[in-house]
Amino acid sequence: MNDIQERIERHIDLLSEFTATPGKGTTRLTYSKEDFQARKYIKETMKEYGLTVREDGFGNIFGKLEGSIKDAPSVLIGSHFDSVPNGGSYDGPTGVVAALEVAALFSKNQLTPKYPLEVIALVEEEGSRFGGGLMGSRGIVGTLSEEDFFNLRDKDGISTVEAMTQIGLDPTLPKVRDSKMLKAFLELHIEQGPILEEQNIPIGVVEAIVGLTQLEVIVTGQAGHAGTTPMDKRSDALVTAARIIGQLPDLAIGKGEGTVITTGRLQVFPNGANVIPDKTVFSVDIRSGKEENVLQVIEDVKKLVDSFNGNGIQTSIEQQLYIQPKKMNQDIITLLKEKSGHFNIPSCSINSGAGHDAMVFSDFTNVGMLFIPSKNGLSHCPEEWSDSLHIANAVQILFETAKQLTEA
Ligand code: HGY
Ligand code: MN
Ligand code: MN
Ligand code: MN
């Protein structure tokens, strides 16, 4: 095992210890104690690698290697470091760790780039705490307004500002980047699916990322006694939610283009075994490679949800995130493939069914994304695993690509 691989494994292992659910995967919610621990480690490593460290008004972490051209746009490289509940150790951190090691190669080779190289560790990509997702990157490009950011609350009603302040972050720091100040964005991510492993290909060069939306459906009914309320006198918010959720898969099945629909979160109020629920809130995550499919399924969900209004039941839908399918930059795709060839590392083109910060930056600057294989195609679960050799391969490819883009 080479020294880069050893450092990668150490980074991943140490970061995976910063979890609220030890032994049951990685749970690292934004601005939590675990975020604070991971942030501290990332900033210390950035400093150790000779980078100038700063955080923005969202808590995104930047490690900058200055370029020789004054005030030049940066080549940004990184990913996110938050997680889903009980997720894996590689979703997000793989890209942050690879970016750190690319920067380490710049200093090891004493390279001074013309354009600055900036390592970035992004917050709240998953949306596990504040909903929606892609928060840190949307904040930087300005598609999440400061007002919307300040209005976000977690399920306990804690605001982003309160949560930031609790771990010593400053929400008044600068937020939006001028697009002229970015030359490119590069992200390494685990595939989170089975394709690369099945085809035994160590590198996937991402061509496109699905469009996605996250909806929140609220159903209100009437609370009541489970024992004394006759069945024909109930406005049961949970039975209604179950009937809606049960019909959602049929709205996506058969549409093709990777069209999928998922309910991953359901809250029941007041959540008592002998109380008829008077409120439920559940998520609806819709994705497709074809934007028309996303829009069509949204319409179908609205119609379905609306059809349950009446008999004491009220329904409503909030859209927390909507982002169109995105294509990666063709020049960077070519560059990534060329650099993979340079190292005789087999690569293939691949599309992403997962959303990524790269899709947010793609309207703002030139974006390129690499995937590495996920063992058994598993992700968003404790079994998530990728080979540090594959990450080390990607570091070499990203280093050569970043060298060219920064004109080092
Ligand atoms: O949901 C996603 O696709 C990503 O993991 N945030
Ligand atoms: Mn994820
Ligand atoms: Mn991710
Ligand atoms: Mn991502």
- Message: So, G312, is that one within 16 Å of ligand 4 (Cβ to nearest atom) and more than 28 Å from A252 (Cα to Cα) or not?
- Response: no
- Query: Restricting to strands (runs of 3 or more DSSP E) lying wholly in the range 50-146: which have 2 or more residues that are within 16 Å of ligand 4 (Cβ to nearest atom) and not aliphatic (A, V, I, L, M)?
  - Reply: 74-80
- Within the range 94-108, is there a residue that is open to solvent by 10 Å² or more (accessible area, probe 1.4 Å) and without any contact (Cβ under 8 Å) to a residue 24 or more places away in the chain? yes
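Looking only at the range 303-321, which residues are part of a strand (DSSP E or B) and open to solvent by less than 80 Å² (accessible area, probe 1.4 Å)? Quick ask: steps written out before the conclusion?
To start, the set of residues in the range 303-321 that are part of a strand (DSSP E or B) comprises 310, 313-321.
Result: G310, I313, T315, S316, I317, Q320, L321.
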- Query: Could you say which residue among V206, V176 is aliphatic (A, V, I, L, M) and at pLDDT below 95?
  - Reply: V176
- Can you tell me which residues in the range 351-364 are away from ligand 1 (no atom under 11 Å from the Cβ), open to solvent by 20 Å² or more (accessible area, probe 1.4 Å) and modelled with pLDDT of 95 or more? N351, S362
- If you go through the range 163-178 one residue at a time, do you hit one that is out of contact with any helix residue (DSSP H, G or I) (no Cβ under 8 Å at 6 or more places or on another chain), in a loop (DSSP other than H, G, I, E, B), hydroxyl-bearing (S, T, Y) and open to solvent by less than 40 Å² (accessible area, probe 1.4 Å)? no
- Item | So V219, is it more than 16 Å from ligand 2 (Cβ to nearest atom), among the aliphatic types (A, V, I, L, M), touching a strand residue (DSSP E or B) at 6+ places or on another chain (Cβ under 6 Å) and farther than 30 Å from P116 by Cβ | yes
- Message: Give me the residue from the range 207-266 that is in contact with a Phe, Trp or Tyr (Cβ under 8 Å, 6 or more places away or on another chain) and free of Cβ contacts under 8 Å to residues at least 24 places away in the same chain and, out of that set, nearest to ligand 4 (Cβ to nearest atom).
- Response: R265
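The values are calculated or read from the model by the stated rules, or taken from the named source; none is laboratory data. All values derive from a computational prediction rather than experimental measurement. Cβ coordinates were reconstructed from backbone atoms using ideal geometry, including for glycine residues, and neighbour counts include every protein chain displayed. We work out accessible area using only protein heavy atoms, side chains counted, and drop any ligands, DNA or RNA first. Shrake-Rupley method; radii C 1.70, N 1.55, O 1.52, S 1.80 Å.
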